[in-house]
Structure formats: structure tokens, C-alpha cells
């Protein structure tokens with residue numbers, strides 16, 4: 001969260017002239033509730049099951065730019081499905097940057113509820129680092145504009161073309 005996945009994804013989709021899908025929005029459509037409401041009512045395991053279903057549905061769409069939630073990478077099947085459909089890019093940022101970018105909406109971030117948000121962010125980053133390392137490309141967005149990040153990804157896409 002707070003690394004720019006959705007914002008950069010929209011820019012990339014526009015530059016590549018491809019459709020854009022934000023998986024969290026697709027999950028919300030499927031459930032008829034917000035991500036926060038799903039977490040509160042059904043818990044994280046139910047959210048992750050729904051997330052895996054939506055990942056599979058999105059991955060079979062041709063030539064789409066897909067923004068996923070950060071937890072998608074923690075499921076091996078999700079990673080394999082997404083890698084089979086295209087280049088898997090992971091956006092990262094420092095804990096300070098993520099806190100700064102998400103501070104206005106902390107109450108709607110289920111994984112940051114309770115305790116010190118910066119400590120929770122740092123803990124999630126540490127826990128997820130080995131999973132994020134499985135991406136084809138990793139780009140740190142700390143101190144960078146959305147345009148800079150999207151241009152960097154476009155360069156990486158060119159290098160991955162067969």
C-alpha cells in the first residue's frame with residue numbers, strides 16, 4: 001500500500017493503450033463491499049480467497065495492466081498465475097514514504113489498524129520482502145514521481161520483450 005500501484009498502473013495503461021484493472025476495486029465489486037468492510041465482517045482469510053479468485057480472472061485477460069494489493073505476492077499460486085500472464089512488477093517504498101502517502105486514509109487500511117502505523121508498515125515490509133523478491137522487476141518509488149516510475153517500468157518492459 002502507498003507505493004503507487006494504482007496511480008502508476010493507470011499511467012502505464014494509458015501510455016500502453018491498454019485497459020487497466022485495480023484488483024481491490026474488482027474485489028469490492030464482487031463482494032458488494034469495501035475492502036475494509038470485507039476485512040471487518042469476514043476477516044483476512046475470506047478476503048484472500050476472494051482476492052485469489054479475482055487474480056485468476058484478471059490474469060486471463062489479454063494485454064491488461066493490473067494493479068494488485070500488496071498481499072497478492074504472499075500466495076505462490078497468485079504469483080505463478082500473474083507471471084504466466086505477463087511481466088510482474090513490484091513497487092516498493094520506504095516505511096516513512098508509505099506512512100506519508102497513506103496517513104490521510106489510515107482508518108481505511110485494515111492492515112494498519114491498531115498500534116503504531118509506522119511499525120506495522122515496517123513489519124509488513126519485512127514479512128513480505130521475500131515474497132516481493134519473486135517479482136520480475138522491483139522498483140523503489142521513494143522520492144520519485146509517478147511519471148518517473150512509469151517511465152522506468154516502460155524501459156523494463158522493453159527489455160523483457162521477446
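The values are calculated or read from the model by the stated rules, or taken from the named source; none is laboratory data. Bear in mind that the values here come from a model prediction, so they are computed numbers and not experimental data. Cβ coordinates were reconstructed from backbone atoms using ideal geometry, including for glycine residues, and neighbour counts include every protein chain displayed.
In table form, for the structure just shown:
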read-out: Every residue from the range 1-23 that is part of a helix (DSSP H, G or I), closer than 22 Å to residue 95 by Cα and touching a helix residue (DSSP H, G or I) at 6+ places or on another chain (Cβ under 7 Å); value: 7, 8
read-out: Filter pass, residue 143 being farther than 20 Å from residue 83 by Cα and assigned to a loop (DSSP other than H, G, I, E, B); value: yes
read-out: Near pairs, Cβ below 6 angstrom, 6+ apart or cross-chain, from the range 132-158 (on the phi < 0 side of the Ramachandran plot and free of Cβ contacts under 8 Å to residues at least 24 places away in the same chain) to any residue that is in a strand (DSSP E or B) and surrounded by 15 or more Cβ atoms within 10 Å (Cβ to Cβ); value: 152/139
read-out: Verdict on residue 58 being crowded, with 16+ Cβ neighbours inside 10 Å, in a helix (DSSP H, G or I), in contact with a strand residue (DSSP E or B) (Cβ under 9 Å, 6 or more places away or on another chain) and at pLDDT 90 or above; value: yes
read-out: Boolean, residue 26 is in a helix (DSSP H, G or I) and closer than 21 Å to residue 90 by Cβ; value: yes
read-out: Conditions (1) touching a residue at least 40 places away in the same chain (Cβ under 8 Å); (2) assigned to a helix (DSSP H, G or I); (3) in contact with a strand residue (DSSP E or B) (Cβ under 9 Å, 6 or more places away or on another chain); (4) closer than 14 Å to residue 135 by Cβ: number failed by residue 72; value: (3)
read-out: Criterion (in contact with a helix residue (DSSP H, G or I) (Cβ under 8 Å, 6 or more places away or on another chain), surrounded by 11 or more Cβ atoms within 10 Å (Cβ to Cβ) and at pLDDT 85 or above) met by exactly one of 154, 111; value: 154
read-out: Residue 82 being touching a helix residue (DSSP H, G or I) at 6+ places or on another chain (Cβ under 8 Å) and buried (at least 20 other Cβ atoms within 10 Å of the Cβ); value: yes
read-out: Residues of the range 64-78 satisfying the condition of being at pLDDT 95 or above, farther than 22 Å from residue 16 by Cβ and surrounded by 18 or more Cβ atoms within 10 Å (Cβ to Cβ); value: 78
read-out: Filter result for the condition that a residue is under 26 Å from residue 144 (Cβ atoms), in contact (Cβ under 8 Å) with a residue 60 or more places away in the chain, part of a loop (DSSP other than H, G, I, E, B) and in contact with a strand residue (DSSP E or B) (Cβ under 8 Å, 6 or more places away or on another chain), over 87, 91; value: 87
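Residues checked against (1) touching a helix residue (DSSP H, G or I) at 6+ places or on another chain (Cβ under 6 Å); (2) part of a helix (DSSP H, G or I); (3) more than 20 Å from residue 140 (Cβ to Cβ); (4) at pLDDT 95 or above:
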| site | (1), (2), (3), (4) |
| --- | --- |
| 36 | yes, yes, yes, no |
| 39 | yes, yes, yes, no |
| 53 | no, yes, yes, yes |
| 62 | no, no, yes, no |
| 100 | no, yes, no, no |
| 105 | no, yes, yes, no |
| 118 | yes, yes, no, no |
| 126 | no, yes, no, no |
